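S.K.: I am attaching a structure below and will ask some questions about it afterwards.
Read-outs: derived from the displayed coordinates by stated rules, not from any lab. As the structure is a prediction and not an experimental result, all values here were calculated from the model. So basically every Cβ, Gly included, is an ideal-geometry build from the backbone, and we count neighbours across all protein chains shown.
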Amino acid sequence: MNGLWLVAQREIRTRIRTKSYLISLAVSAVLVAALAFLPKVLGGDDSYDVGVVGQAPPPAAQLAYSRLPDEAAARKAVVDGDVDAALVNGDKVLANGELDQRLGLILESVHRDAQIRAAGLTITPLTVESVGADARYEGVRTGIATLIVMVLFFLLIYSAMFVAMGVVEEKGSRIVEILLTSVRPWQLLGGKIVGLGALGLVNLVVVIAAGLAASSATGFTADLPPGMGGIVVSAVIWFVLGYAFFSALAAAFGSLVSRQEELNTVLTPMTMLMMFTYLTAYFAAVEPAGTVARVLSFVPPFSSMVMPVRTAAVDVPLVEILVSGALMAVAVVAVLLGAARVYRRAVLRTGARVRLGEVVR
Amino acid sequence: MLEIDGLRKRYGDKTALDGVGLTVRPGEMFGFVGANGAGKTTTMRIVMGVLDADSGEVRLGGRPVTYDDRRTFGYMPEERGLYQKMKVAEQIEYFGRLHGLAPAAARSATAALIERLGLVERSGDAVEALSLGNQQRVQLAVALVHEPAVLILDEPFSGLDPLAVDALAEVLKDRAAAGVPVIFSSHQLDLVERLCDSVGIISAGRMVAYGPVGELREREGRGTLRVVVRDAAPGWADGLPGELTREGDRDVLLCEEGDDQDILRTAIGAGKVEHFGRRQPTLAEIFREAVA
């Protein structure tokens with residue numbers, strides 16, 4: 001175990017000091033933080049500017065009034081686009097072309113309100129009660145799920161690539177010959193996976209922290225659904241499982257070649273599988289309650305991205321999460337054992353690319 | 001005592017090793033000599049467990065070598081390998097730790113080797129910034145940092161300048177003097193002759209000559225007879241086998257055959273004999289003969 005730990009420490013120490021790691025960490029944090037601001041920027045504010053001439057109507061939540069001196073000024077303001085519409089003397093609306101349908105409804109109801117109030121009547125507003133599932137946060141949850149898909153995908157592919165590159169570096173430089181006379185292949189492989197995985201985890205935590213911090217800065221936190229803590233924890237756990245699976249594959253494929261130039265070709269099956277997992281997870285984010293999403297959230301390795309997405313987007317019974325997690329854990333163990341076997345047999349065979357069939361027998 | 005016994009290895013139809021065996025006693029320095037592709041590297045890789053033999057055995061102290069034994073070996077592979085971006089001292093220390101040294105022990109062993117190999121000024125540099133010769137010193141330090149119980153070095157002298165060769169030779173002698181069996185391969189036969197207690201010459205996967213350097217020279221030394229005669233009358237050697245040349249006022253006769261006593265009597269009769277003796281072959285000559 002000591003050997004594994006030493007290898008992991010070296011990976012962390014070497015990688016964390018490189019500029020590229022620090023830059024990628026900063027960039028991903030900034031990107032996610034920017035995404036948290038995005039709804040505010042894109043959605044604009046959802047209230048209307050209404051110019052008022054003469055008598056002011058009662059206040060309404062989505063309307064911002066500005067006083068105008070006369071009808072001529074109001075016409076000009078509407079045409080210039082300074083206001084969305086203008087209300088003249090409480091009974092005429094000036095609009096630029098067709099009046100926005102929603103604004104029309106609001107103005108209509110404000111107008112009705114004013115008249116009813118003037119007549120001395122009061123109305124009790126309707127109370128609304130949901131008898132279905134709590135759907136208030138549906139949009140936000142889908143957004144978070146989509147974000148999780150992207151973050152998980154990039155972190156997984158990025159971390160797994162580094163494992164593969166590290167394996168090839170050691171094999172290509174033959175340093176592995178010396179290493180394997182002092183540590184076991186599983187210690188060398190395990191140390192690399194653990195070390196680079198810890199860095200990926202740091203990256204994930206930083207990204208989540210940046211996202212949450214930005215959300216609270218924009219006041220978006222109030223809109224976050226309850227159980228956000230659970231969503232975050234589940235994303236982290238699924239990252240660890242998915243990373244273990246894909247990095248083991250990356251190491252096994254990487255150990256077949258001796259040069260970095262050959263890496264992309266030999267990794268193609270792994271990157272294809274990852275892309276496919278990403279696409280299914282993306283699909284699940286769009287339709288989290290569908291049968292496809294539900295089924296795939298149990299099938300490793302798709303579950304590693306589909307399940308956290310489902311958990312974020314809809315309420316998933318705990319037992320489903322546990323079953324899916326157990327299946328994935330079994331798959332991870334199987335892949336780790338297989339990868340260790342391939343790695344052990346291929347990593348000392350330098351020169352031409354080793355065919356997978358020669359080492360899995 | 002390190003014993004290598006009957007190693008065989010085939011790659012497809014090609015026989016790489018065909019029953020290679022040798023023994024290195026504690027404190028003995030063994031030189032491994034052979035043409036490129038003769039099987040030196042394959043043998044060393046099998047000793048280090050980097051490669052599996054088809055048959056044969058490597059024993060240490062009478063028992064088959066285990067992984068734990070090999071962790072105490074120092075190894076310098078034919079193809080040098082270091083982490084290019086890692087700093088010199090950090091790298092040597094890391095390998096010390098991997099071989100099981102405690103942090104403090106690894107640090108002090110590293111400092112001592114850096115001093116000894118003349119790398120003090122480069123200890124904080126990344127390996128890739130070093131000249132090839134200096135990289136090789138680092139490679140050697142990596143092989144030595146854990147005070148290995150056995151040293152297996154594949155071409156440790158290639159690419160070194162004369163000063164570095166001397167420094168490395170001193171280090172190896174020290175290790176041998178401490179009772180460590182040392183095996184190294186080299187194409188520099190004069191160096192092997194100077195440093196090694198015994199040599200093995202390998203050709204096409206077989207050990208063709210093997211033993212202590214002195215014995216080997218005597219055994220192979222049905223060497224040429226060399227006679228130097230002064231003031232001899234021309235034509236004195238006409239009846240003798242061999243080749244006569246003139247160097248200044250001396251005649252030099254080189255004989256591959258013939259009865260040495262007859263030759264000596266004839267020479268004494270002809271003039272003043274200044275030299276009479278058999279020249280022992282150099283290792284290079286033995287090597288050429290053996291692999292021919």
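S.K.: Go ahead and run the numbers for FRET between A:V236 and A:V93, Cβ-Cβ distance against an R0 of 51 Å, rounding to 0.05. Write out the running numbers ahead of the final one.
M.R.: Values: r = 53 Å, r/R0 = 1.04.
Using R0 = 51 Å, I get an efficiency of 0.45.
S.K.: Under the Kirkwood approximation for Rh and a Cα-based Rg, what ratio Rg/Rh is obtained for the protein assembly as shown? Working shown, then result.
M.R.: Values: Rg = 40.7 Å, Rh = 31.8 Å.
Checking Rg against Rh, the ratio lands at 1.28.
S.K.: Just want to confirm a number: the relative contact order over chain A, from Cα pairs under 8 angstrom separated by 6+ residues, in percent. Display every interim value, and only then the final one.
M.R.: On the way: 462 pairs, mean separation 76.6, N = 361.
Over chain A, the number comes to 21 percent.
S.K.: In what order do B:K85, B:K14 fall by count of nearby beta-carbon atoms within 10 Å, going from fewest to most?
M.R.: Numbers: B:K85 14, B:K14 9.
Lowest to highest Cβ neighbour count: B:K14, B:K85.
S.K.: Okay, moving on. Lysines near A:K192 by alpha-carbon distance under 28 Å, same-chain residues fewer than 8 away left out - which ones?
M.R.: Reachable lysines: A:K19, A:K171, B:K85, B:K87.
S.K.: Just subtract the alpha-carbon distance of A:D70 and A:Q101 from 0.36 nm times their residue separation and send over the number in nm, one decimal. Show your work: numbers first, answer last.
M.R.: Working: separation 31, 0.36 × 31 = 11.16 nm, distance 2.50 nm.
The span from A:D70 to A:Q101 would gain 8.7 nm if fully extended.
S.K.: Between A:D113 and A:E129, 0.36 nm times their residue separation minus their Cα-Cα distance comes to what? Provide the component values of the computation, followed by the final result.
M.R.: Details: separation 16, 0.36 × 16 = 5.76 nm, distance 2.36 nm.
Answer, rounded to one decimal: 3.4 nm.
S.K.: Follow-up question, since we're still on this one. When the convex hull of the C-alpha atoms of chain A is computed, what volume per residue in Å³ does it have?
M.R.: Working: hull volume 66.5 nm³, N = 361.
Per-residue hull volume (Cα only) is 184 Å³.
S.K.: Which whole-number percent is the relative contact order of segment B:92-148 (Cα, under 8 Å, 6+ apart)?
M.R.: Working: 40 pairs, mean separation 29.3, N = 57.
Here the relative contact order equals 51 percent.
S.K.: Moving on. Can you sort B:M76, A:M228 from fewest to most other Cβ atoms within 10 Å of each residue's own Cβ? Walk me through the numbers before you get to the answer.
M.R.: On the way: B:M76 24, A:M228 17.
The fewest-first ordering by Cβ neighbours comes to A:M228, B:M76.
S.K.: Can I ask one more? Could you give the length gained on full extension between B:E128 and B:D260, defined as 0.36 nm per residue of separation minus the Cα-Cα distance, in nm? Could the numbers behind the result be given before it?
M.R.: Working: separation 132, 0.36 × 132 = 47.52 nm, distance 6.05 nm.
Value of the extension gain: 41.5 nm.
S.K.: Any idea what angle helix B:103-116 forms with the longest principal axis of chain B, computed on alpha-carbon atoms, 0 to 90 degrees, nearest 10?
M.R.: Once rounded, one gets 30 degrees.
S.K.: If Rh is defined by the Kirkwood formula over all Cα pairs and Rg also comes from Cα, what ratio Rg/Rh do you get for segment A:48-118? Before the final figure, lay out the partial values.
M.R.: Details: Rg = 11.1 Å, Rh = 11.9 Å.
Expressed as Rg/Rh, it is 0.93.
S.K.: Between A:S47 and A:W5, what FRET efficiency follows from the Cβ-Cβ distance if R0 is 56 Å, with the result rounded to 0.05?
M.R.: On the way: r = 58 Å, r/R0 = 1.04.
That gives a FRET efficiency of 0.45.
S.K.: Sort all Cα-Cα distances of segment B:37-88 into consecutive 5 angstrom bins from zero, then give the percent of pairs in each bin up to the one containing the longest distance.
M.R.: 4, 16, 24, 22, 15, 10, 5, 3, 0
S.K.: Give me the dipole magnitude in Debye, nearest 20, for the protein assembly as shown about the Cα centre, with unit charges on the beta carbon: positive for Lys and Arg, negative for Asp and Glu.
M.R.: Numbers: 64 positive and 72 negative charges, 212 e Å.
Roughly 1020 debye, rounded to the nearest 20.
S.K.: Let me ask something else. Among B:Y94, B:A111, B:L240, which residue has its Cα positioned farthest towards the positive end of the charge dipole of chain B, with +1 placed on the Cβ of Lys and Arg, -1 on the Cβ of Asp and Glu, and the dipole taken about the Cα centre?
M.R.: The residue sitting most towards the positive pole is B:Y94.
S.K.: With helices defined as uninterrupted DSSP H runs, which ones in chain A have an alpha carbon span along their own long axis of at least 27 Å and mean Kyte-Doolittle hydropathy of at least 0.0? Walk me through the numbers before you get to the answer.
M.R.: Values: long enough: A:19-43 (36 Å, 1.70); A:138-172 (50 Å, 1.41); A:185-218 (49 Å, 1.45); A:228-254 (37 Å, 1.92); A:263-286 (33 Å, 1.29); A:318-346 (41 Å, 1.64).
In chain A, the long hydrophobic H runs are A:19-43, A:138-172, A:185-218, A:228-254, A:263-286, A:318-346.
S.K.: In nm, to one decimal, how far is the modelled label at A:L279 from the one at A:A26, with both set 7 Å along Cα→Cβ?
M.R.: 3.6
S.K.: Using 7 Å Cα-to-Cβ label points, what is the B:D54/B:D68 separation (nm, one decimal)?
M.R.: 3.3
S.K.: What list of whole percents do you get for P(r) of segment B:2-218, with Cα-Cα distances grouped in 10 Å bins up to the one holding the largest distance?
M.R.: Binned Cα distances yield the sequence 8, 34, 36, 18, 3, 0.
S.K.: Another question about this same structure. Just tell me which lysines come within less than 22 Å, Cα to Cα, of A:K76; anything on the same chain fewer than 8 places away is out.
M.R.: In chain and number order, the partners are A:K92.
S.K.: Once Lys and Arg get +1 and Asp and Glu get -1 on their Cβ, which of B:I152, A:Y21, A:S297 lies farthest toward the positive end of the dipole of the protein assembly as shown?
M.R.: Ranked along the dipole, the leading option is A:S297.
S.K.: Starting at the first residue of segment B:259-268, write each ³J(HN,Hα) from the Karplus equation 6.51 cos²θ - 1.76 cosθ + 1.60 with θ = phi - 60°, in whole Hz, x for Gly and Pro.
M.R.: Working through the residues one at a time gives 7, 5, 5, 4, 4, 4, 4, 4, 5, 5 Hz.
S.K.: Now a separate question. Tell me, what is the FRET efficiency for A:T122 and A:A289 to the nearest 0.05, using R0 = 41 angstrom and their Cβ-Cβ distance as r?
M.R.: Numbers: r = 42 Å, r/R0 = 1.03.
Efficiency for this residue pair is about 0.45.
S.K.: Once amide H atoms are built 1.01 Å from N in the peptide plane, which residues 5 or more positions from A:V299, or in another chain, come under 5 Å H to H?
M.R.: So A:V299 has HN proximity to no qualifying residue.
S.K.: Would you be so kind as to identify which of A:S234, A:L204, A:L348 lies farthest towards the positive end of the dipole of chain A, taking Lys and Arg as +1 and Asp and Glu as -1 on Cβ and the Cα centre as origin?
M.R.: Comparing the listed Cα positions along the dipole, A:L348 ranks first.
S.K.: What nm distance separates the two modelled labels at A:A209 and B:V291, each placed 7 Å from Cα along Cα→Cβ?
M.R.: 6.2
S.K.: Let me ask something else. In segment B:240-287, which trypsin sites (Lys or Arg not before Pro) fall in coil by DSSP and have 13 or fewer other Cβ atoms within 10 Å? Could the numbers behind the result be given before it?
M.R.: On the way: sites: B:R246, B:R250, B:R265, B:K272, B:R278, B:R279; in loops: B:R279.
Of the trypsin sites (Lys or Arg not before Pro), the ones in loops of segment B:240-287 whose Cβ has at most 13 other Cβ atoms within 10 Å are B:R279.
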